[in-house]
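Read through the structure below, which is laid out as structure tokens, and then see the notes.
The values are calculated or read from the model by the stated rules, or taken from the named source; none is laboratory data. The shown structure was predicted, so the numbers you read here are calculated from the model rather than taken from an experiment. Glycine gets a Cβ as well: all are built from the backbone with ideal geometry, and neighbour counts include every protein chain shown. All accessible areas refer to the heavy atoms of the entire protein, side chains included, with ligands and DNA or RNA removed. Shrake-Rupley method; radii C 1.70, N 1.55, O 1.52, S 1.80 Å.
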Amino acid sequence: MKKKAKTIAEKLLSENNVHIISHIDADGITSAGIAYKALDRAGIDVSVEFIKQLDESKIEEIKADDQGLIWFTDLGSGQISSLESLDCVITDHHEPGNSTLTPKLEDRGNILSYCRKALELNPHNFGLDGAKEISGSGTTYLVAKEMSDKNRDLSKLAVIGAVGDLQTSEKGKLIGKNREILREAVDEGVISKRVDTTLYGLESRPLHKVLEYASNPILPGLTGEESNCVNFLVENDIELKKDGEWRKWYDLSKEEKRTILSELAKRMLRRGYSTENVESLIGEIYILTEEEKGTMLRQAKEFSTLLNSCGRYDKAEIGLHVCLGDRDEYLDEAMKLLAGHQKVLVDCLDYVESIGIEEGENIQFFHGEDRIPDTVVGTVAGMILSSGDADKRLPIFAFANSDDREGVKVSSRGTKQLVQKGLDLSSVMSECSEEVGGEGGGHDIAAGALIPHGKEEEFLNEVEKKIDSQLN
Ligand code: C5P
Ligand code: C5P
Ligand code: ZN
């Protein structure tokens, strides 16, 4: 990968201006942050654009505009057949689509007929797993590092991107190429890692709120029950306040943490939770050493959540500013978007509860109609699958009417166990959406598509057949 990254870096460094096109989620925003910083440091003029999905109409538009060299980050590989004749570079980790330009055996002699201009760096082309071992921002970082050794500090953004894309293993750790990037971030002094709880909100929430809002795993008798959470802490001799301020997880001593975690484990085991589920309470956490304690920016998981809330509400640029180090009004605005995002998620989960999840032979699904924004339907599907309300033995499919594009957005999510058994949602989404006149792709464990209105049932029939062939 290093050699390819170097070729791409050299091409970028020979340009005067570069236009970055990236995806709107945390991994896409950190990818754009890395690419922006690397180009800017090299004295190259940069512009940035964020998009939800790279579809054929967008590609036509890009081809018609002359914007100089384009650098696609965290997207592009799924559409390689339409991009390969374009002068562009791609740093992505989605499953590559089929190339139409791969020379047929009989054409190999005639090299002129094989003219691929696009330069692509994608882990799948090097035998690596793009869903687990490296993210879009990690792939972009490999190029940035070849552009200049000074860019090694950007490894912190690649850690945030990988965490945002849920690439941590069952043991709650970054693995594969992500681990190498993590090591560089630690060597640079921009990240420190430690084993701690995987519960969300260690920096930003008061202690009892960490328990109350726990969703993965659900804490029996505590999740959603504020007064039970307070009682639980009091019974275990944990002070709730210090100097009149709510204590946070990072304020606790090792013993206090141990007490809480072992009591939580006991509770879960008594309720029949599996040991894996209980063990998922513990994992590695990644601290951004340069950020202030007690802020959302201090822990990679919270930082990525903040970025996701920007992208989902058409404000990815705000997230980009935060990645580039701007604070003040940008951070304030990002925090507001986060508060709104959390409210939207709660409303969406309530809505799904009210309509229920339908089960098919090999899948389960729900339709968010106009009640779930298409930008969060994937997040909602993922939350439901991991929450305990859904059957973990079936992949979940979620529909929502698209706000700004003609059609229905579909998001699908699976589990690591299902992927081990042969599930590949990327091929399900790309092939089944194509059958009904749509477009899609992604990763084995999480993929998306846009299909025409009214084609949901036909699409699900195709999905049933395809998944049956993968799993049975
Ligand atoms: O577009 P991109 O590759 O950045 O997004 C990856 C998506 O896959 C994220 O929405 C992430 O939540 C999802 N994912 C998941 N479970 C995993 C890995 C990724 O839901 N184990
Ligand atoms: O949109 P959603 O979160 O469901 O997407 C899951 C994964 O599938 C993401 O990595 C996203 O970038 C990818 N995807 C894709 N092509 C689409 C829609 C989503 O590659 N048309
Ligand atoms: Zn990604």
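Taking square-rooted eigenvalues a ≥ b ≥ c of the alpha carbon gyration tensor, is segment 291-450 rounded, prolate or oblate, where a/c under 1.5 means rounded and, failing that, a/b exceeding b/c means prolate? Let's see the in-between values first.
Values: a/c = 1.83, a/b = 1.74, b/c = 1.05.
Note, shape of segment 291-450 comes out prolate.
For residue 1, what accessible surface area do you get with a 1.4 Å probe? Give it in Å², rounded to 10.
Taking all protein chains as shown, residue 1 has close to 40 Å².
Rounded to whole Å and ordered largest first, report the semi-axes of the equivalent ellipsoid of segment 134-278 derived from its Cα gyration tensor (root of 5λ).
Working: eigenvalues 241, 63, 29 Å².
Taking √(5λ) for each eigenvalue gives 35, 18, 12 Å, largest first.
What is the distance, in nm, between label points placed 7 Å from the Cα along the Cα-to-Cβ direction at residue 240 and at residue 275?
A separation of 3.6 nm, rounded to one decimal place.
Give me the aspartates and glutamates in straight-line cross-link reach of residue 421: C-alpha distance below 12 Å, same-chain residues under 8 apart excluded.
Straight-line reach from residue 421, under 12 Å: 444, 468.
Report the relative contact order of the chain, percent, no decimals, based on alpha-carbon pairs under 8 angstrom and at least 6 residues apart.
Values: 894 pairs, mean separation 55.7, N = 472.
Relative contact order, the chain: 12 percent.
At 222 nm, what helix-only mean residue ellipticity would the chain give, in deg cm²/dmol to the nearest 500, using -39500 (n - 2.57) for each DSSP H run of four or more? Intermediate results must be reported in sequence, preceding the final value.
On the way: 18 runs with 205 residues, N = 472.
Value at 222 nm, helices only: -13500 deg cm²/dmol.
Going by amide H atoms built from the backbone, whose H comes under 5 Å of the H on residue 315, apart from near neighbours?
Long-range HN contacts for residue 315: none found.
Check cross-link reach from residue 2 to the lysines: straight Cα distance under 20 Å, and skip same-chain residues fewer than eight apart.
Filter leaves 11, 37, 117, 132, 145, 150, 156, 177.
Can you give the relative contact order of segment 290-403 as a percent, counting alpha carbon pairs under 8 Å and 6+ residues apart?
Details: 119 pairs, mean separation 22.2, N = 114.
The value is 19 percent.
Of the listed peptides 368-380, 219-231, what is their order by residue-averaged count of other C-beta atoms within 10 Å, with the highest listed first? Mind showing how you got there, number by number?
On the way: 368-380: 20.8, 219-231: 16.5.
With the highest mean Cβ count within 10 Å placed first, the list reads 368-380, 219-231.
Tell me the carbon and sulfur percent of the accessible area for segment 170-313, rounded to whole percent, probe radius 1.4 Å.
Percent of accessible area from carbon and sulfur atoms in segment 170-313: 45.
Give the carbon-plus-sulfur fraction of the accessible surface of segment 349-425 in %, rounded to a whole number; probe 1.4 Å, heavy atoms of protein chains only.
On the way: 1460 of 3440 Å².
Percent of accessible area from carbon and sulfur atoms in segment 349-425: 42.
Determine Rg/Rh for segment 2-152; Rg is computed over alpha-carbon atoms and Rh is the Kirkwood hydrodynamic estimate from the same atoms.
On the way: Rg = 14.8 Å, Rh = 15.5 Å.
Here the Rg-to-Rh quotient is 0.96.
Quick one: accessible area per residue over the chain, 1.4 Å probe, rounded to a whole number of Å²?
Values: 21230 Å² over 472 residues.
For the chain, the per-residue accessible area is 45 Å².
Give the shape of the chain as rounded, prolate or oblate, defined through the alpha-carbon gyration tensor: a ≥ b ≥ c are the square roots of its eigenvalues, a/c under 1.5 means rounded, and otherwise the shape is prolate if a/b is larger than b/c and oblate if not.
Values: a/c = 1.87, a/b = 1.31, b/c = 1.43.
Oblate is the answer for the chain, as a/c is 1.5 or above yet b/c matches or exceeds a/b.
To make sure I understand the rule: partners must be lysines, Cα under 24 Å from the Cα of residue 254, and not fewer than 8 residues away in the same chain. Which ones qualify?
171, 173, 193, 209, 241, 242, 266, 293, 301
Would you work out the relative contact order for segment 2-152, in percent, from Cα pairs under 8 angstrom that are 6 or more residues apart? Don't skip to the end; give the middle numbers.
Numbers: 279 pairs, mean separation 42.2, N = 151.
Result for segment 2-152 is 28 percent.
Using per-residue counts of other Cβ atoms within 10 Å, averaged over each peptide, order 61-69, 148-156 from highest down.
On the way: 61-69: 12.4, 148-156: 18.6.
Going by the mean number of other Cβ atoms within 10 Å, highest first, we get 148-156, 61-69.
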